[in-house]
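Structure first, commentary second.
Bear in mind these aren't lab numbers, they're just calculated from the coordinates by the rules spelled out. In this text the structure is predicted, and so the values were computed from the model without any measurement. Every residue, glycine among them, receives a Cβ derived from its backbone with ideal geometry; neighbour counts consider all protein chains shown.
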Amino acid sequence: MRITFGALLVCLAAVLGVIGYQWQQMQNTPDAYGVPFELVAADGQTITQEAFIGQPSAIFFGFTHCPEICPTTIYELDGWLNALGEEGNKINAFFVTVDPERDTPEILGDYVASVSDRIVAISGDPDRVREMVGGFGVYFKRQELEDDDYTMDHTASIFLLDSQGAFRKTIAWGENPDVAIEKLRDLSKL
């Protein structure tokens, strides 16, 4: 009876140890952020959420008719990544449109390429773009203007994801450049 009871205790301890280890691993491996998607990069190739896995990512949501925030953010993000040198090369950068009706992959690609050759432009079918953008918790809303024109209100932060695609933090619009660079430096290690 002693051997059976002792064997049961050893088995119970082993099972609890495995459960404890798996629980710890789950806590240390956060789920990928956002939703699955299939969109189009500026080069015409299909791009999915897998693009955000394997290297840390900086993702900004905007549109080509944006008067200030979007062109400034693309310019700043490119400059910050360049300032980091090799550390900056460890981070993938993406610009996702919130205005897919006007921002085709080609138009968005030309827009981004005029400022940076390291930021991947993402667009595609309007319904799929809206699903992806909304699934990332990004605010966006069409605002009508005079003469049948419109603009887009949208979240103006850069989302920072680690190499597993998990959300880590943001860089806010107007963030101190030194703080933004430090956040990107920290991200390059994840």
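Peptides 139-145, 129-135 ranked from most to least packed by the mean count of surrounding Cβ atoms within 10 Å: 129-135, 139-145. Ordering 157-167, 75-85 by mean Cβ neighbour count within 10 Å, with the highest value first, yields 157-167, 75-85. Using 0.36 nm per residue and subtracting the Cα-Cα separation, the extra length available between Val179 and Glu38 on full extension is 47.5 nm.
By DSSP, the beta bridges lying fully in the range 38-187 are antiparallel in about 65 percent of cases. The calculated FRET efficiency for the pair Tyr139 and Lys169, based on their C-beta separation and a Förster distance of 22 Å, comes to about 0.80.
Please compute the net charge surrounding Pro100, taking Lys and Arg as +1 and Asp and Glu as -1 over other residues with Cβ under 13 Å from its Cβ. Taking every Cβ under 13 Å from that of Pro100, the sum is -3.
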